[in-house]
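To keep things clear, I will list the structure first and then write my remarks on it.
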Amino acid sequence: MGRNDSASAIGAFAVGLGVGIALSFLLAPKSGEETRELIAKSARRSRDFVTDTVDDVKSQVEDSVNDAKGRIRGAVRAGKEAYRDDLAQKRDA
């Protein structure tokens, strides 16, 4: 999942959450205490969703960075070997 996909998912979730809360107020009015509990529950779910999404994105970024580091190390190693081989050929020539 790319950065844009994650942002889209978070945006879609936020819109859905807002619509759901608005509909719940319009279609099923509750007492003030029940409404506060509903809002608190929705907030906890939202927080958990965002936390999980951030953790997933963080993990993906770390994996990408570690992969890039490995490729860079390999390229540097190959460059050093090629340089040493070139020096050795020039000395032997």
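The values are calculated or read from the model by the stated rules, or taken from the named source; none is laboratory data. Computed from a prediction, not measured in an experiment: that's the story for all the values here. Cβ: placed from backbone, ideal geometry, glycine included. Neighbour counts: every protein chain shown.
Selection within segment 25-59: residues that are of a type in the set (G, A, S) and over 30 Å from the mean Cα position of the chain (by Cα). The member of this set that is nearest to S6 (Cα to Cα) is A28.
Evaluate segment 56-69: report whether one residue or more is touching a residue at least 12 places away in the same chain (Cβ under 8 Å), in contact with a Leu (Cβ under 7 Å, 6 or more places away or on another chain) and not acidic (D, E). No, the conditions are met nowhere in segment 56-69. Of the set (1) at pLDDT 90 or above; (2) surrounded by fewer than 10 Cβ atoms within 10 Å (Cβ to Cβ), all apply to D63 but (2).
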